[in-house]
Amino acid sequence: MCRLALLLCFSVFLASCSTSLKAEEVNQLIEKEKYEEAISKIEEYELLKSDVKETEYDYQLLVQVHKVNELIKKEKFEEALSIIEDEQLTKRKSVNNQYHYEDVNKLVNMQKLVDMGADFKIISEYKINPIIDKKLQQKADRLLVSFLEKASKDENLLEVAYSDFSELDDSTKQRITKEIDFEKLYENYENEKIEKYITLLENKQYSQLESITAGSGDKSITNLNRLANAYIVSEKILVGNSYVYSRKDVEKYLDEINNPNSEIKKHMRILANRLDLDIFNNNIEKKTGVSIGMTKEEVLSSSWGEPEDKNITQTKYGTREQWVYPGFQYLYFEDGILAAIQK
């Protein structure tokens, strides 16, 4: 009986030594960052079923992380997320973790918006929850580009998409622009739209122009709306409704036009001459153009008027300002003096 017990103990000792040697082999592979070979050995030696002692690595965690990594490589993000959540992998660190697992959840949410037909929300979702992981960014970028390509062909989506796109961080916009120059597409769309509106003006369809340009937040379109209103009032004056409207009403609309382009200036002059608004004609000339050396007050009283946005930078050398205008036009100030003009 004692002999049998000794043999049994010796057998257990040998098995233990064998398991330890196998674990040491796996550990060496892990230290060399040969994770796939290590996982293969863990499964071959059935180390998950063994009582492995004195090892610094969690083999169960290594295997789960490996599964997740493989699923992500195959872009099976929902399956990967299921394991991440079940195993709480965002709270556990493993040497073979190749991805930022919090970003997998963000990517899944973006894909769900696409699947639900709510891809118009995808940019704002990315803006709120940006993806940090460089590898996962590539998939997110593909989703964004796909939506922007769709939006570029749909006027109902285009303006909303551009509003969201313009609020993305610069690095994201630069990555996206390599695939689709959305700002250029939107600029072309805006120019085509303005041309259509000018055609309405040329065809004396003032009421239609006033209706479709009402309430716009775009300064160029707001200018056209004010010009259309001025023409509508002038028509009523010229047919004898002067007891309701006066030339001052026309002047009021024209005077509200801010930073007019050459086409709008042309029509402003036509209308001013039509009603003999000599004082206003002189005012048009006074309000045109900007030049280097102007103060900010002089620029504001010029045809450029108020900018859409201002970017201010304080340095030890002084204050620099960038004023942003429609049509990708910019003015640059150094300590309150206009130093550069970009059109």
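Could you list, in sequence order, the residues of region 76-90 that are assigned to a helix (DSSP H, G or I) and within 27 Å of the chain's Cα centre (by Cα)?
Phe77, Glu78, Ala80, Leu81, Thr90
Being out of contact with any Ser or Thr (no Cβ under 9 Å at 6 or more places or on another chain), modelled with pLDDT of 90 or more and assigned to a loop (DSSP other than H, G, I, E, B) is the requirement here; does Lys93 meet it?
The answer is no for Lys93.
What residue, among those in region 302-333 that are touching a residue at least 40 places away in the same chain (Cβ under 8 Å) and in a strand (DSSP E or B), is surrounded by the most Cβ atoms within 10 Å (Cβ to Cβ)?
The selected residue is Leu331.
Looking only at residues that are over 16 Å from Ala340 (Cβ atoms) and of a type outside the set (Ser, Thr, Tyr) in region 288-301, which one is surrounded by the fewest Cβ atoms within 10 Å (Cβ to Cβ)?
Of the residues in region 288-301, the ones over 16 Å from Ala340 (Cβ atoms) are 288, 297, 300-301.
Those left that are additionally of a type outside the set (Ser, Thr, Tyr): 297, 300.
Working: Glu297: 9, Leu300: 13.
Among those residues, the one meeting the criterion is Glu297.
Could you figure out which of (1) modelled with pLDDT under 80; (2) farther than 30 Å from Leu238 by Cα; (3) of a type in the set (Lys, Arg) isn't true of Lys316?
For Lys316, the failing item is (1).
Could you please find all residues in region 214-230 being of a type in the set (S, T, N, Q) and within 26 Å of the chain's Cα centre (by Cα)?
Correct list: Ser216, Ser220, Thr222.
Looking at region 195-254, which of the residues that are loosely packed, with under 13 Cβ neighbours inside 10 Å and among the basic types (Lys, Arg) is farthest from Pro326 (Cα to Cα)?
Among those that are loosely packed, with under 13 Cβ neighbours inside 10 Å and among the basic types (Lys, Arg), it is Lys248.
The values are calculated or read from the model by the stated rules, or taken from the named source; none is laboratory data. Quantities reported herein were computed from a predicted structural model and do not represent experimental measurements. Glycine gets a Cβ as well: all are built from the backbone with ideal geometry, and neighbour counts include every protein chain shown.
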